[in-house]
Amino acid sequence: MPLKHLLLRGLLAGLIAGLLAGGFAHLFGEPHIDAAIAIEEAAGPHTHGGEELVSRGTQSGIGLFLATGLYGLALGGIFAVAYTLLRRRLHTTSDARAALTLAAGTLIGLVIVPFVKYPPNPPAVGDPATIDQRTIAYLAAVALGLVAVWSAALAARTQNTDWRRATAATLGFLAVVTVAHLLLPTFDEVPATFPATLLWNFRISSLGTQVVLWTTLGLTYAALLTPRRRPADAPEVKVTA
């Protein structure tokens, strides 16, 4: 299939995934953000540099869906390019299975591995003085997460049976993740007074948004790659000159 067609399918799948992820975030994530903002405002007056240009309602509504839609669109394009480059390395004859494998690996490396080390915090949590260090550390965790997934794939190829491939992949993945988590710095900036339940719910909803995004992207892209089959009872159409 030409790259142009793969890219268009990726953009469409990404847009759908972004909008669905936005819907999940609106239903399950925004209430926790509102609660965190309320706690911040109750703690005392805060100066944010004048009036807000966009109201909170607009941010959590139209703004949220616009942001996740554009984000999904960009990810869909990148995903299609990555699929094109890595398709031959994914040892399967099924294009749909290859797309699902790539989406699952990306979810694990790009989202889950960094989440375990650096789970997101709601507004009002975190020291502004360490934002640069936290950003660099998080990007390092993302890079190492992708390396861990790649190491698992390389380790699996060294074995010739299913259980050996699974064992080698697991060990290769855990080795990189363990080293990464030991080397990367730890940031514990959550105030002791911040509600633990709210923090947990916010982090779970953030992870859920990413899971919805990548799961939908993988499933939709795989579906778009699957060729349509002519019904068995449909008459065959012949074209004559």
How about segment 169-197: which of its residues are surrounded by fewer than 18 Cβ atoms within 10 Å (Cβ to Cβ) and part of a helix (DSSP H, G or I)? Thr170, Leu171, Leu174, Ala175, Thr178, Val179, His181, Leu182, Leu183, Ala196, Thr197
Is it fair to say Leu66 is modelled with pLDDT of 95 or more and closer than 26 Å to Val211 by Cα? no
Thr193 being of a type in the set (S, T, N, Q) and within 30 Å of Ala98 (Cβ to Cβ): no
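Within segment 137-160, does at least one residue satisfy the condition of being within 20 Å of the chain's Cα centre (by Cα), over 23 Å from Phe79 (Cα atoms) and crowded, with 17+ Cβ neighbours inside 10 Å? Full working, then the answer.
To start, the set of residues in segment 137-160 that are within 20 Å of the chain's Cα centre (by Cα) comprises 137-153.
Those left that are additionally over 23 Å from Phe79 (Cα atoms): 137.
The next check asks that each one be crowded, with 17+ Cβ neighbours inside 10 Å; those that pass are 137.
Looking for residues that are within 20 Å of the chain's Cα centre (by Cα), over 23 Å from Phe79 (Cα atoms) and crowded, with 17+ Cβ neighbours inside 10 Å, one finds at least one in segment 137-160, hence yes.
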Is there a residue in segment 104-118 that is touching a residue at least 60 places away in the same chain (Cβ under 8 Å), assigned to a loop (DSSP other than H, G, I, E, B) and under 25 Å from Leu198 (Cα atoms)? yes
Being touching a helix residue (DSSP H, G or I) at 6+ places or on another chain (Cβ under 6 Å), at pLDDT 90 or above and over 18 Å from Gly18 (Cα atoms) is the filter here; which residues of segment 180-224 pass it? Ala180, His181, Leu184, Pro185, Leu198, Asn201, Phe202
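The values are calculated or read from the model by the stated rules, or taken from the named source; none is laboratory data. Keep in mind that this is a model prediction, so the values were computed, not measured. Don't worry about glycine lacking a Cβ; one is built from the backbone with ideal geometry, like all the others, and counts go over all protein chains shown.
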